[in-house]
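All remarks here apply to the structure that follows.
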Amino acid sequence: MLEQLLIFTRGGLILWTCKELGNALRGSPIDTLIRSCLLEERSGAASYNYDAPGAAYTLKWTFHNELGLVFVAVYQRILHLLYVDDLLSMVKQGFSEKYDPKQMVYDDFDETFRQLRMEAEARANELKNSKQVGKPLNNARKQGQDQKTGFGENKKSNSGLADGGDAERTKGRKLENGYSNGNHVIESKLTAVVNGKDNASSNVGAFDVNKLQKLRSKGGKRTDTIANKGSKEESKKKVTKKNRVWDDKPTEAKLDFTDAVGEEGDNNIEVLAADQGQSMMDKEEVFSSDSEEEEEDEEGDNGSKPDAKKKGWFSSMFQSISGKASLDKSDLEPALKALKDRLMTKNVAEEIAEKLCESVAASLEGKKLASFTRISSTVQAAMEEALVRILTPRRSIDILRDVHAAKEQKKPYVVVFVGVNGVGKSTNLAKVAYWLLQHKVSVMMAACDTFRSGAVEQLRTHARRLQIPIFEKGYEKDPAIVAKEAIQEASRNGSDVVLVDTAGRMQDNEPLMRALSKLINLNKPDLVLFVGEALVGNDAVDQLSKFNQKLADLSTTPQPRLIDGILLTKFDTIDDKVGAALSMVYISGAPVMFVGCGQSYTDLKKLNVKLIVKTLIK
């Protein structure tokens, strides 16, 4: 049963709802659809599933791009209604005929909708009945064919091995000789050959089954011996090698030679000045798009020449002056394909580029092309708007404001840095600490990477250079407990921010992902930052989606804590291949909060959305 059907404008004004249905929806499926699908350029999808406590809905929608209307149907997911797509297209056509931009109430559409719904349900029932009627006919035909073939085979078997047979008889001969496609022989033939040892003279061409059984037994023995050898090798591998003892000296319990913080070795090291100037986070980046617009104009002029030759000079000129009646998929496909290839060359994941093009096509289909405009420029403008909308953060990413709010509540602001191996978590943690110090915020580091050798020493070096405290417990400790003790120490010492460094882990490493989930669930940080490389392409989708999925699956709370923001590293090494930023934001919905663009403490900046969009499009 249909739960609800709504018609509203792109501005959010509800024009009509089905009063006949009047079912109270559980949760907020329409708001979730708008927030997480339509505004995120995922409108090219066929449907959207929404899970609420005690209910599971499926939402389908369609657009009238020329009038700026959205039609949404909601129904229970378990029902699988066949007439929803047909009903939406019929409602779209019927309502567009009555639509008036000045009119706000459409009570007269109730009767029209009732008729359209009955018509759509009747069509669906007719289609369903026709399919059900067609099934037994097909089955009867198949049974008849089987019976005919069976009768023919009996005839052939009774006739024996006669000369001049057809293809199926020769196939029967091959089966008698033991050659079969599935490496098995028909039982009747086998029994005949086994029982007929005395008739060996008559069955000269038959395969000796005793030899076949011997070969199988030998093969089984060989496989058994191979399996036994494998188990022995595994048992040998499981035995851990003991450390060699030289000159009867006592063995070392651990190979951990890290020094304490306050020993003489640290005092002898010269502490470099931490002040390297103003961080790039506080500098406004100047962006000039004149040269890029000129390049785009040149490309557009060059791109319009072959189109003019194909269409003819007069037809293309007339179409550009008068404008096209409405755009359809065939008009948009060439421009969208070129745009998709361009995005993929800029390191955007293929799946993301395809979904974006589908969303842009859904927003432009049926729209009237303005005069003196090309389809390629219209598609490019729509794609630019979509990219800006995706990359622009939907919530505040002002960390300094959040830090001061936490300070008023007498608690430290906790930031956890997570990510795969070798992306630069520790280095960029130090950059964030340097930026916070410039804004008179007291910072403490927590060395919770107790897995990688040298991780504690690396963080200790950064803390010494920045002259900030560090909380560490060495190696082979539970990182969740270390982070908890670090937060308690920060609250006692009055530190404003705790930056928690974690071990790098691949998204498929179950034990390490479980440890990360424990750290986040136990300490409840204010911000979970995913540190990712700008060099990755398709792997960015896999990393972020699996990190979020593991954190959701391993969470002990009904509302799991996922990734809140992204720190993009090595941005100075990619030239114009900036597509990883788009892939990460699109797949996770989290904003890019920091961009690492160098190796010094000042090389940390904000993401320039306009620059990224221009680089992706040009």
TODO: Restrict the check to segment 569-587 and report whether at least one residue is part of a strand (DSSP E or B) and within 23 Å of Ser279 (Cα to Cα).
DONE: yes
- [ ] Kindly check whether there is at least one residue in segment 506-529 that is at pLDDT 90 or above, of a type outside the set (D, E, K, R) and assigned to a loop (DSSP other than H, G, I, E, B).
- [x] yes
- [ ] Could you tell me whether Leu535 is touching a Ser or Thr at 6+ places or on another chain (Cβ under 8 Å) and assigned to a loop (DSSP other than H, G, I, E, B)?
- [x] yes
TODO: Can you tell me which residue among Val528, Val578 is in contact with an Asp or Glu (Cβ under 6 Å, 6 or more places away or on another chain) and open to solvent by less than 20 Å² (accessible area, probe 1.4 Å)?
DONE: Val528
- [ ] Kindly establish whether Glu485 is closer than 17 Å to Leu519 by Cα, of a type in the set (Asp, Glu), assigned by the TED database to the domain that holds Asp572 and over 30 Å from the mean Cα position of the chain (by Cα).
- [x] yes
Task: Options Lys19, Lys60; residue that is under 26 Å from Glu97 (Cα atoms), assigned to a loop (DSSP other than H, G, I, E, B) and out of contact with any Lys or Arg (no Cβ under 7 Å at 6 or more places or on another chain) - done: Lys19
- [ ] Scan segment 329-367 residue by residue and report those that are of a type in the set (A, V, I, L, M), in a helix (DSSP H, G or I) and open to solvent by less than 40 Å² (accessible area, probe 1.4 Å).
- [x] Leu332, Ala335, Leu336, Leu339, Leu343, Ile352, Ala353, Leu356, Val360, Ala361, Ala362, Leu364
- [ ] Look through Thr557, Thr615 and report the one residue that is outside the structural domain of Glu385 (by the TED database) and either in contact with a Lys or Arg (Cβ under 9 Å, 6 or more places away or on another chain) or closer than 23 Å to Leu400 by Cβ (or both).
- [x] Thr615
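Here is a yes/no grid of residues against (1) surrounded by 24 or more Cβ atoms within 10 Å (Cβ to Cβ); (2) in a helix (DSSP H, G or I); (3) basic (Lys, Arg):
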residue	(1), (2), (3)
Lys411	no, no, yes
Val420	no, no, no
Ser491	no, yes, no
Gly504	no, no, no
Task: Odd one out for Ile612, checked against (1) open to solvent by 10 Å² or more (accessible area, probe 1.4 Å); (2) at pLDDT 90 or above; (3) part of a helix (DSSP H, G or I) - done: (1)
TODO: Kindly provide the set of residues from segment 32-50 that are surrounded by fewer than 19 Cβ atoms within 10 Å (Cβ to Cβ) and within 13 Å of Ile390 (Cα to Cα), ordered by number.
DONE: Arg35, Ser36, Leu39, Glu40, Arg42
TODO: State all residues of segment 576-618 that are closer than 24 Å to Arg561 by Cβ and of a type in the set (S, T, N, Q); if no residue qualifies, say none.
DONE: Ser583, Ser588
TODO: For residues that are charged (D, E, K, R) and modelled with pLDDT of 85 or more, tally how many sit in segment 11-44.
DONE: 1
TODO: Go through (1) open to solvent by less than 10 Å² (accessible area, probe 1.4 Å); (2) touching a Leu at 6+ places or on another chain (Cβ under 8 Å) one by one and return the number of the condition Ser588 breaks.
DONE: (1)
TODO: Report whether or not Arg114 is modelled with pLDDT under 85, open to solvent by 60 Å² or more (accessible area, probe 1.4 Å) and not assigned by the TED database to the domain that holds Glu358.
DONE: no
- [ ] Just give me the residues in segment 18-31 being open to solvent by less than 60 Å² (accessible area, probe 1.4 Å) and under 32 Å from the mean Cα position of the chain (by Cα), in sequence order.
- [x] Leu25, Gly27, Ser28, Pro29, Ile30
Open item on the list: Out of everything in segment 471-489 that is open to solvent by 40 Å² or more (accessible area, probe 1.4 Å) and touching a helix residue (DSSP H, G or I) at 6+ places or on another chain (Cβ under 7 Å), what residue ends up being farthest from Asp449 (Cα to Cα)?
Closed with: Lys484
- [ ] Tell me which residues, restricted to segment 437-449, are surrounded by fewer than 21 Cβ atoms within 10 Å (Cβ to Cβ) and either among the β-branched types (Val, Ile, Thr) or outside any loop (DSSP other than H, G, I, E, B) (or both).
- [x] Leu437, Gln438, Val441
Open item on the list: Please go through (1) crowded, with 19+ Cβ neighbours inside 10 Å; (2) within 18 Å of Phe109 (Cβ to Cβ) for Leu15 and return the number of the only condition it doesn't satisfy.
Closed with: (1)
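The values are calculated or read from the model by the stated rules, or taken from the named source; none is laboratory data. All figures in this text were calculated on a predicted structure; none of them were measured in a lab. Heads up, the Cβs are rebuilt from the backbone with ideal geometry, glycines too, and the neighbour counts pull from every protein chain shown. What goes into the accessible areas is simple: the full protein's heavy atoms, side chains included, and nothing from ligands, DNA or RNA. Shrake-Rupley method; radii C 1.70, N 1.55, O 1.52, S 1.80 Å.
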